[in-house]
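The values are calculated or read from the model by the stated rules, or taken from the named source; none is laboratory data. Values in this document were obtained by computation on a predicted structure and should not be read as measured data. Glycine also receives a Cβ, built like all others from the backbone with ideal geometry; neighbour counts cover every protein chain displayed. Accessible surface areas use protein heavy atoms only, side chains included; no ligands, DNA or RNA. Shrake-Rupley method; radii C 1.70, N 1.55, O 1.52, S 1.80 Å.
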Amino acid sequence: MSKFRTPIATARGLGSARSGARHWMHQRVTAVINLLLLLWFAGSVVSLAGAGYADIIWWVRDPIVTVLLVLLIANLFYHIRLGLQVVIEDYVKSDGTKALSLILLTMVTLVLALLGIVSVLKVSFGG
């Protein structure tokens, strides 16, 4: 009976094509933000060349630097998660393994991002 169905009828119910466009756009936007933040970070590291430990601590304690570092860490790990999600979805065939891999990916990137953010905040607030 399925041979009487049109291609569009066969494709209906297999998911929305729009969700991929949103994911693609998030990857591109986070890539541009990462580029800007990483350029700022690289320039800052170059300008701090030869600085002592105390100078770097004072640099991190600047409120603008703290906010930019937190944004860099959060955006970087979100971008990593988006990219690795595509790899897992494309190359892991088993639905169970795919679901477990995506859950682990989310947990690992979240934990690492939080660890980096807490570290920056601890330095910034003098802990």
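A few notes on this one:
- Those helices (runs of 4 or more DSSP H) lying entirely in segment 13-94 with at least 1 residues at pLDDT 95 or above and farther than 30 Å from residue 125 by Cα: 18-47, 63-91
- Here the condition is being over 23 Å from residue 22 (Cα atoms), among the aliphatic types (A, V, I, L, M) and in contact (Cβ under 8 Å) with a residue 12 or more places away in the chain; of 69, 115, it holds for 69 alone.
- The condition (being under 11 Å from the mean Cα position of the chain (by Cα), open to solvent by less than 90 Å² (accessible area, probe 1.4 Å) and more than 24 Å from residue 40 (Cβ to Cβ)) is satisfied by just one residue among 97, 106: 106.
- Against the list (1) open to solvent by 90 Å² or more (accessible area, probe 1.4 Å); (2) without any contact (Cβ under 8 Å) to a residue 12 or more places away in the chain, the condition residue 92 fails is (1).
- Checked against (1) open to solvent by less than 40 Å² (accessible area, probe 1.4 Å); (2) over 21 Å from residue 116 (Cβ atoms); (3) of a type in the set (Gly, Ala, Ser), residue 54 passes all but a single condition, namely (1).
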